[in-house]
Amino acid sequence: MKTYINSSVKKSCVYLLLLLSNALISQSVIVELDSLKSVLSKHVKEDSTRVILLNTISYKNYGVAPEEVNNYANKAKLLAEKIGFTKGEARSMYLISVYHLSKGDLKGAFSAIEQSLELYKKINESKGISTCYDFMGTISYYQGNYDKSIEYYEKALQLARKLGSKKKEADFMNNIGNINSASGKLDDAIRYYNEVIAIYEEINDKKAMLTPLNNIAVIYNRQGKHLDALAYFKESLEINRKLENKKEIAGDLLNMGAVYSAIKDYKKAEKSYKESLLIFKELNDQHGISSCIISMANIYRNSGDYKVALEYLNEALNNYKEIDSKKGMLTTYHNIGAVYFKQSDFKNALKNYQIALNLAEDLGEKRVIGMLNIDLAQVYFQFKDYTKSFTYATNGKKIADELSLLEAQREANSVMTKLYRHKGDYKRALEHHILYKKLNDSLFNKENVKKIAELEYEYKYKEKLQLANYKELQLTQEVEKTALELAKSKQNLLIGIIVFLIVSITLGGIILYQKLKNIRSVNENILMEQKLLRSQMTPHFIFNCLSVLQGVILNKEIKNAVKYLSRFSKLLRITLENSRDKMVPLKKELEALQHYVVVQSLGVEKPFDYTIHKAEEIQEEEVLVPPMLIQPFVENALEHAFEEEQVDRKINVNLEYKNNQLVCVILDNGVGIASKKQSNTVLKKSLATTITKDRLKMLSKEFQVDSSISIKDRKEINEQGTQVVLKLPYKKITND
């Protein structure tokens, strides 16, 4: 994931640090403002009550009418000074500071909050002092001074603990968590967030828990756990829509857009960004507007429209320069460099990456420093300055590994692969490509197989070629030495020796070629065996069926033999038909299972009861499932679930929809999997379970559905036997 995503996510989260961000921007607030203004018009006396009314109206206008925040706060300040109401004056200066921050005036905001702090100290108002320290921490964060920010938040936290305010304690700890997150100390950040959640659970404030949960989602997003992050952001958005919290809604939409962009769903990303941008423009929030502009720019960059992307980014850069936001400028320069790199304009890419790196080092943005080192390594590789490229790549990878930044680790291993390849160190190139492949895609797909095979072949081929060249050099030197020693010998003898050496080298080359050809052939055979494994029926099952049939025929049980043979042939025919397709109707799969169980029941000495049940809402002719997924687990139950002396044997197969998933539960009343764990048979079966799991993963990715296998002993629920739960990938046949 690129820098702009993380920065935009951080900015939207930092807005949650502001005490006033909990104000409800809704119709109810407007009604409340009208009521307060009516009371103010009637209370004409210049006293502390009027100051409180003016400050309250100023506070309520935050997020509704920013200019009114400043207007009423200044009126309150003048009146408070006039009547000597220090507490009211301190509150007015706090609100004036909030106004300046909302306009991007960081210096004005800090100056006003310092005045507010001095006034609160003058009257020894601990609650007000704590609030000022909190806001000073927020402003310092925007200025990029993380150490100062944590120092102010710690002061606010200590006062909150003395006052016994659990709510404030949680707020300040959340802020400290945000700073740790920004500086790359993700474990510390999560620790603070979890402490905050514990406090909110203690005081039963479910709404407030959304803030730390949202922050944890941001960390998941950085670590590449995009679906986990998206789930948290969607939950936050749903609650904020109900509360009509416009600023928080805009932040959630911006965060969701970043996640969609990271998983390359650019259509949904653009929709989220545009909706967020409209709200930020309505609120005249310059930070939010700039974040949306950067995010939109990267949508155009990824679609190849670099001209429009640069126009957006330059607009954002000008906005950040006007409000003197170093963090915003860092994000923008980084993304401008990325656009130039995409255009192969490596000179301008280098220039912008370097500016961004300088800003990141000034701000102590360790995570961004790591990413920029990797970006610079890519640029210097293009310039063929491999020494600098290797230095930057090594630095970037070290930080990425330290902070567990999966996408940065992937890019670092990618450039390291190219560097070692250039050096001719194909072994290390292969090692880094394997790491890159694991980070890039957890599934074993065809493209990765091909790439690894190429690298393995290249490494082995080059290694043997170098050995052959060395031997050839040795042989050549021997030829020259022999030629000197036999200078006086007969010419035909010399020619014979040279011919012999040439033939030897040629034969060596032919042998080497044949060995490499054999290696390729072995790899192709392995891939073919893997394909066959998916559709193969177990040989011992077929052998057992034929043995049973032979026994029935020898006993002259003609009717049973015909019945058994009919069932067995139908089972073979359905299995062969199903094996040709990735997906088959559920009806055919259940029919094959039915035939299989009947064939098995005819061939066993001790009978067993079985049921195959599906829920009424499952239309088996309209649902497609992968073939041969259920049968191996039924076979496993028949073969291994029951002790020899057990008489009452039952196997139940149930299919139903749960949470829009097709779930198959296979139950037996045998001895249970816990009793079988030490047997060799079960250990052999674990391979089949692993292959089935891998197959489900591949099918899940291909059809974009969730699927899984879970096996447990029913003793856990005071029952007998084993339970297998299969969440099957499926498709519904539509009539459109």
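Rule-based calculations on the coordinates, nothing more; no lab input. Just so it is clear, the model here is predicted, and its values are computed rather than measured. Counting neighbours? That spans all protein chains shown, and the Cβs are built from the backbone with ideal geometry, glycine included.
Ranked by the mean number of other Cβ atoms within 10 Å of their residues, highest first, the peptides 269-278, 284-293, 100-109 come out as 284-293, 269-278, 100-109. A viscosity of 1.567 mPa s and a temperature of 4 °C, combined with the Kirkwood radius over Cα pairs in Stokes-Einstein, give a translational diffusion coefficient for the range 255-376 of 89 µm²/s.
Sorting 640, 613, 334, 422 by the number of Cβ atoms found within 10 Å of their own Cβ, with the fewest placed first, yields 613, 422, 640, 334. 3J(HN,Hα) couplings calculated from phi for the range 376-392 with the Karplus curve 6.51 cos²θ - 1.76 cosθ + 1.60 (θ = phi - 60°) are, in sequence order, 5, 4, 5, 5, 5, 5, 5, 7, 6, 8, 6, 5, 5, 4, 5, 4, 5 Hz; Gly and Pro show x. Taking amide H positions as modeled 1.01 Å from N, with prolines and chain starts lacking one, the residues under 5 Å from residue 614 and 5 or more places away or on another chain are 655. Projecting the Cα positions of 566, 600, 628 onto the charge dipole of the range 551-642 (unit charges on Cβ atoms of Lys, Arg, Asp and Glu, taken about the Cα centre) puts 566 furthest along the positive direction. Cβ crowding within 10 Å ranks 383, 642 as 383, 642, fewest other Cβ atoms first. Counting Cα-Cα pairs of the range 3-284 in 5 Å increments starting at 0 gives whole-percent bin shares of 1, 6, 12, 15, 17, 17, 14, 9, 5, 2, 1, 0, 0. Phi angles across the range 109-118 convert, under the Karplus curve 6.51 cos²θ - 1.76 cosθ + 1.60 with θ = phi - 60°, into 3J(HN,Hα) values of 5, 5, 4, 5, 6, 5, 5, 4, 4, 4 Hz, Gly and Pro given as x.
In order along the range 192-202, the phi-based Karplus estimate (6.51 cos²θ - 1.76 cosθ + 1.60, θ = phi - 60°) of 3J(HN,Hα) comes to 4, 4, 5, 5, 5, 4, 4, 5, 5, 5, 5 Hz; Gly and Pro are listed as x.
Proximity of backbone amide H atoms, modeled 1.01 Å from N, is registered between residue 244 and no other residue at under 5 Å, excluding neighbours fewer than 5 places apart on the same chain. Taking other C-beta atoms within 10 Å as the exposure proxy, 312, 266 rank 266, 312 from fewest upward. Straight Cα distances below 20 angstrom link residue 166 to the aspartates and glutamates 125, 134, 151, 154, 195, 201, 202, 205, with same-chain residues fewer than 8 positions distant left out.
Highest average first, the peptides 41-51, 63-73 ordered by how many other beta carbon atoms sit within 10 Å of their residues are 63-73, 41-51.
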